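Colleague: Got a structure here, written out as structure tokens. Questions coming.
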Amino acid sequence: MNIEWLSRQFDNIVFLLGWHVLLAVTPLVLGLLIALPLGWWAHRSRRIYPLLVGIAGLLYTVPSLALFVLLPLVLGTKILDPLNIVGALTIYTVALLVRVVADALDSVPEDTVQAAKAMGYRAYQSLLKVELPVGVPVISAGLRVAAVSNVSLVSVAALLGIPQLGSLFTQGFQLRFFTPIIAGIILCVVLAMILDGLIILLNRWLTPWTPKVVAS
Amino acid sequence: MNYLFDPAHWTGADGIPNLIGEHLVYSLIALAIAAVIAVPLGIYIGVTGKGVFMIAGLANALRALPSVGLLILLVLLISPAFPSKMGYILPSLIVLVLLAVPPILTNTYAGIRAVDAAAVDAAKGMGFRTMKILTDVQLPCSLPLMLSGVRSALLQIISTATIAAYISLGGLGRLLIDGKAQNDYSQMVAGAVLVALLALFFDQLLAFITRRVVSPGLTRLTVKSAAAADTVKIPATV
């Protein structure tokens, strides 16, 4: 590791890190917002469930580099536009979370839903105040997978020349220089771990009724 | 799309059939190596219960590792020792295997664990020896989960083999990387479409194989999910 190079490049690395966070987190939030109503729809209708889960599975099989390249055709953007990355990762996040949200809502015990109904909750109140909160642990488990894989997938965009931590890898390859590559890998892994940890904390904050001892 | 319909791109060493062939050869070699490592290990951990802690940690840690970074790091480390083509083929294969092992390993382990304990007891009661219980009861029962692990491993491999074109591995990724270098967007789109079709085709092929080889006695329990897999068919993949 060449510390001197790192300190000289510090501003640049912070810039790349900022873009990486933006490109990984925006699709996570957008994906969750889109997956919640879709997952609810799949949960409500036994006919829609296999359809949505099937389409999600097909979208998930498309390799990331291919999706990055194909999205400009759909969005009308330029090939270097960071929007393509946000769009592609949003698609992956939705594809992963639709099934998770539907299964989370399915996992809510029938007794709990009936109790809410008996207490006079309307359907939408029961959904927002009872069913979704009870499903939070399952949803956040899916969100953790999406967050960690998004961080790794963003770096693929370096091959198209979109700046983020992956640029350190291509730079290191062109210069035959290990320092940026190792720094990039470490920052990616740390970023993934931080996002993972934040979702665990958020889950605990949203579900104060669960026991404090975590098994795994 | 013009690129795809130009006959000149369908012949020769850089022709599309050749690139598809290369992509498949690397992918299937990596899948075979990963399966040889992960299936026995998964069976061992599933049957004995030893080393379970390894499973969850391994899968999560490897998902966080950026495959591009890993690929480039290994090329720089390994290629000076191998002046020939092996200088980039070897690191690519290592990364592909590394990414394919966790899904196969975890699913094999989970498959063995999920076998109905009553079925194992019944086999024991009928006088089956340990090895016969494994081959005739536990393995057939865990096959659906094991194959779904193989399926996600193969998708991961096909996707990452595309990226490996950056470090000059052959295959369909060439169209994407060379197209980028030549500012030829239609070549990039052609590569992207072909890679996506290849992935979809193998995904559906493995789904089909799974339906054929899994014992009907097992699928009856999961009629709902089997039906789910049947209802969606994309004509483009056939």
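Colleague: How far apart, in nm, are the 7 Å Cα→Cβ label points at B:Ala118 and A:Lys78?
Modeller: 6.5
Colleague: Something else about it: Add -39500 (n - 2.57) for each DSSP H run of 4 or more in chain A, then divide by its residues: what number comes out at 222 nm, to the nearest 500 deg cm²/dmol?
Modeller: -26000 deg cm²/dmol
Colleague: Cα-based count: Lys pairs in chain B below 26 Å, eight or more positions apart or different chains?
Modeller: 5
Colleague: So which residue, out of A:Val53, A:Val190, A:Val25, gets the largest mean-square fluctuation from a GNM of chain A using Cα contacts under 10 Å as springs?
Modeller: Most flexible of the set in this elastic network: A:Val190.
Colleague: Compute the long axis of helix B:86-113 from its Cα atoms, compare it with the longest principal axis of the Cα atoms of chain B, and write down the angle in degrees, 0 to 90, nearest 10.
Modeller: Its long axis makes an angle of about 20 degrees.
Colleague: Also, I was wondering about something else. What does the net charge come to around B:Asp178 if you take all other residues with beta carbon closer than 9 Å to its beta carbon, with K and R at +1 and D and E at -1?
Modeller: 0
Colleague: A further question on this structure: Classify the stretch A:63-216: rounded, prolate or oblate, from the alpha-carbon gyration tensor (a ≥ b ≥ c, eigenvalue square roots; a/c under 1.5 rounded; otherwise prolate if a/b is larger than b/c)?
Modeller: Note, shape of the stretch A:63-216 comes out oblate.
Colleague: With the cut-off at 1.5 for a/c, could you classify the stretch A:40-123 from its C-alpha gyration tensor as rounded, prolate or oblate?
Modeller: prolate
Colleague: Provide the gained length on full extension for the span A:Arg44 to A:Met1, in nm with one decimal, where the gain is 0.36 nm per separating residue minus the Cα-Cα distance.
Modeller: Answer, rounded to one decimal: 10.0 nm.
Colleague: Separate question: What FRET efficiency, computed as 1/(1 + (r/R0)^6) with R0 = 35 Å and r the Cβ-Cβ distance, is obtained for A:Arg8 and B:Leu205, rounded to the nearest 0.05?
Modeller: Calculated transfer efficiency: 0.10.
Colleague: Let me ask you something else. Enter the angle in degrees (range 0 to 90, nearest 10) between the Cα long axis of helix A:10-44 and the first principal axis of the Cα atoms of chain A, meaning the one along which they spread out most.
Modeller: So the inclination is approximately 20 degrees.
Colleague: So which aspartates and glutamates pass the test for A:Lys117, namely a Cα distance under 18 Å, with those fewer than 8 places away in the same chain ruled out?
Modeller: Those aspartates and glutamates meeting the cut-off are A:Asp106, A:Glu131.
Colleague: Per the helix-only calculation at 222 nm, which mean residue ellipticity applies to chain B, given -39500 (n - 2.57) for every DSSP H run of n ≥ 4 and division by its residues, nearest 500 deg cm²/dmol?
Modeller: After summing the helix terms and dividing by the residues of chain B, the value is -24500 deg cm²/dmol.
Colleague: Further, regarding this structure: Using +1 at the C-beta of Lys and Arg and -1 at the C-beta of Asp and Glu, which of A:His43, A:Ser167, A:Val134 has the Cα lying farthest in the positive direction of the dipole of chain A?
Modeller: My answer, from the dipole projection, is A:His43.
Colleague: Explain nothing, just the number: dipole magnitude of the stretch A:63-216 about its Cα centre with +1 on each Lys and Arg Cβ and -1 on each Asp and Glu Cβ, in debye rounded to the nearest 20.
Modeller: In total the dipole reaches around 240 debye.
Colleague: Next question. Under 8 Å for C-alpha pairs, at least 6 residues apart: give me the relative contact order for the stretch B:55-113, rounded to a whole percent.
Modeller: Computed over the stretch B:55-113, the figure is 42 percent.
Colleague: What are the residues whose amide H is under 5 Å from the amide H of A:Leu165, where those residues sit 5 or more places off or on another chain and H is modelled from the backbone?
Modeller: HN-HN under 5 Å from A:Leu165: A:His20.
Colleague: Okay, next question. Sum up the charges of everything whose Cβ sits under 14 Å from the Cβ of A:Ser126, counting Lys and Arg as +1 and Asp and Glu as -1, but leave A:Ser126 out.
Modeller: Net charge around A:Ser126: +1.
Colleague: Place a +1 charge on the Cβ of each Lys and Arg in chain B and a -1 charge on the Cβ of each Asp and Glu, then give the dipole magnitude about the Cα centre in debye, rounded to the nearest 20.
Modeller: The calculated dipole for chain B is roughly 780 debye.
Colleague: Within chain A, which is the longest segment containing none of the trypsin sites (Lys or Arg not before Pro) that sit in a DSSP loop and have at most 11 other Cβ atoms within 10 Å?
Modeller: It runs A:123-175.
Colleague: Continuing with this model, one more query. If I build a Gaussian network model for chain A, linking alpha-carbon pairs within less than 10 angstrom, which residue out of A:Ala118, A:Ala24, A:Ala35 has the largest mean-square fluctuation?
Modeller: Judging by the Gaussian network model, the answer is A:Ala118.
Colleague: Separate question: Using Cα positions and a limit of under 14 Å, work out the aspartates and glutamates in reach of A:Lys78, with same-chain residues fewer than 8 apart set aside.
Modeller: Straight-distance partners of A:Lys78: B:Asp184.
Colleague: Also: On a 0 to 90 degree scale, rounded to 10, what angle separates helix A:82-106 from the longest Cα axis of chain A?
Modeller: 30
Colleague: In the stretch B:84-140, what trypsin sites (Lys or Arg not before Pro) fall in a loop by DSSP, with at most 13 other Cβ atoms inside 10 Å?
Modeller: Answer in residue order: B:Lys85, B:Arg129.
Colleague: Right, next: May I ask which residue of A:Ala157, A:Ala146, A:Ile186 lies farthest towards the positive end of the charge dipole of the stretch A:86-215, with charges of +1 (Lys, Arg) and -1 (Asp, Glu) on Cβ and the Cα centre as origin?
Modeller: Of A:Ala157, A:Ala146, A:Ile186, it is A:Ile186.
Colleague: Using +1 at the C-beta of Lys and Arg and -1 at the C-beta of Asp and Glu, which of B:Ile104, B:Tyr88, B:Ala122 has the Cα lying farthest in the positive direction of the dipole of the stretch B:79-174?
Modeller: Sorting the options by dipole projection puts first B:Tyr88.
Colleague: Please average, across the residues of B:56-63, the number of beta carbons from any other chain that are within 10 Å of each residue's own beta carbon, and give a whole number.
Modeller: Mean partner shielding for this stretch: 3.
Since every read-out is calculated from the coordinates, none of them should be taken as a lab result. Quick caveat, the model's predicted, so the values are computed rather than measured. A quick note on method: Cβ atoms are made from the backbone with ideal geometry, for glycine too, and the neighbour counts reach across all protein chains shown.
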